[in-house]
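Heads up: the structure comes next, in structure tokens.
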Amino acid sequence: MATDRAPAVSPPGIPRWLQPLLPPLTALLIAAVVGDLLILTFGQSPREVFRLLIEGTWGNAYGLGQVLYKATTLICTGLAVALGIRAGMFNIGAEGQLALGGFAAAAIGLLLPAGTPALVAIPVCVAAACAGGSAGAAVPGVLKARFGASEVIVTIMMNFIIAALLNWAVATQLNVAESLHTPEIHAGAVPRLAAVSALFSGSAANFTILFALGAAVFTGWWLFRTRAGYELRAAGLQPDAAEYGGIRVGSVWLRTMLLSGALAGLGGVNYVLGYKQYYEEGFAAGAGYLGIAVALVGRNHPAGVVISALLFATLSQGALAVNALVPKQMVDVLTAIVIIAVATAVPEVERLLRAVRGKTA
């Protein structure tokens, strides 16, 4: 069957498989160069600092476990933000949705009898976490779908509202005002990885990482293999055209916000069920907002989000490893540089690739 579509053209000398990797690799190279200059200003050797960073993260069992633990939450919040962006929305409420999911998991863990089998308790608590996150995203979703309200403003405000409500619930309803954390859960605790392998002994890494990776696989399948995912991407690219084509964009927005909130709420399982076994005020501090950076650096693709989450988790844990040579805040600056480099270098590299393709077509 004849077609008018022109065959894809690769720039000379650049393998096709490498082209999608060029923009993020260029951004990381820029960040590494700037990081070297920052380290030199402290009178230290960049090679030595980066050696300590790798040894303190991927170079030892405890550091690797901590990287996996921190990446677990970031995968969930990154997926939540990425899904919203795919639909043309900016969910900045992952912070509150994460906290609400963790509280819901702890509440169910407290209500279940102590002898509840793990095969029953863990799925029920995980489902509660997802439902809690969805509840936190329902308000901005309804307002966006029904009245066209800005989800950016509403989700930011919901972060403060959720935080205040959770503090009130813990302090007044559970009578633990002096500590602002719930009692330890009776059932639903997620085992740590150290329970099956001494390799991760002492770290907070737990089997929630499997839930997070499963969520990434599900999100990728749902986005690119289902009709609902197609409608989501169509609404994100051109909502007016999607509406004209028969897609109910308002329903897509609401559905997306609920699923986005569920993904963020899943991240609360990592701390509440997998680490502390109780909900604590402020456990989500920063993880929801950092999920925005994870999604953007990961190009809003589930696989990219997983890789990006591991990168930011490595930098976070690595900051502790290099603190003897440079201030911990230097790694925070390096994290910001990575984000800025991706935001600026990636579009420019993609533009250059398109220009080269046009000349060789």
Most fluctuating residue given options 118, 104, 131, as computed from a GNM of the chain linking Cα atoms under 10 Å: 118
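Order by neighbour count: 251, 134, fewest other Cβ atoms within 10 Å first, most last. Numbers along the way, then the final one.
Numbers: 251 13, 134 23.
Ordered from fewest to most neighbouring Cβ atoms within 10 Å, 251, 134 come out as 251, 134.
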Per-residue ³J(HN,Hα) for the stretch 308-321, Karplus 6.51 cos²θ - 1.76 cosθ + 1.60, θ = phi - 60°, Hz, x for Gly and Pro: 5, 4, 5, 5, 5, 5, 5, 5, 5, 6, x, 4, 6, 6
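Counting pairs of alpha carbon atoms under 8 Å apart in space and at least six apart in sequence, what relative contact order in percent does the stretch 207-291 give?
Details: 41 pairs, mean separation 20.7, N = 85.
With pairs under 8 Å counted, the relative contact order is 24 percent.
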Cα Rg, Dmax (largest Cα-Cα span) when computed across the stretch 192-343, Å: 18.4, 60
Pair residue 307, residue 197: separation of 7 Å Cα→Cβ label points (nm): 2.2
Highest-fluctuation residue, 217, 190, 142 considered, GNM on the chain with Cα pairs under 10 Å: 217
Calculated FRET efficiency for the pair residue 213/residue 146, C-beta based, R₀ 51 Å, to 0.05: 0.90
Computed over the stretch 108-216: relative contact order in percent, which uses C-alpha pairs under 8 Å that are six or more apart: 33
Phi to ³J(HN,Hα) by Karplus 6.51 cos²θ - 1.76 cosθ + 1.60 over the stretch 155-160, Hz, x for Gly, Pro: 5, 4, 5, 5, 4, 5
Sites residue 25 and residue 169 - FRET efficiency at Förster radius 45 Å, r taken between beta-carbons, to 0.05: 0.45
Amide H within-cut-off set for residue 206, under 5 Å, with H built and near neighbours excluded: 193
Phi to ³J(HN,Hα) by Karplus 6.51 cos²θ - 1.76 cosθ + 1.60 over the stretch 275-282, Hz, x for Gly, Pro: 10, 8, 6, 7, 7, 9, 4, x
Choice from 74, 100, 28 with maximal GNM fluctuation in the chain (Cα, 10 Å cutoff): 28
Cα-centre dipole for the stretch 108-253 with unit charges at Cβ (Lys and Arg positive, Asp and Glu negative), debye to 20: 340
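Given 0.36 nm per residue, what is the gain on full extension from residue 329 to residue 41 after removing their alpha carbon distance, in nm? Display every interim value, and only then the final one.
Numbers: separation 288, 0.36 × 288 = 103.68 nm, distance 1.37 nm.
Going from the current span to full extension adds 102.3 nm.
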Order of 253, 58, 168 under a 10 Å beta carbon neighbour criterion, fewest first: 168, 58, 253
Alpha-carbon centroid distance for the pair the stretch 292-331 / the stretch 184-244, whole angstrom: 19
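Where a number appears in this text, it was derived from the coordinates with a stated rule and is not lab data. Predicted model, so just to flag it, every value in this text is computed and none were measured. Cβ atoms come from the backbone with ideal geometry, glycine included; neighbour counts cover every protein chain shown.
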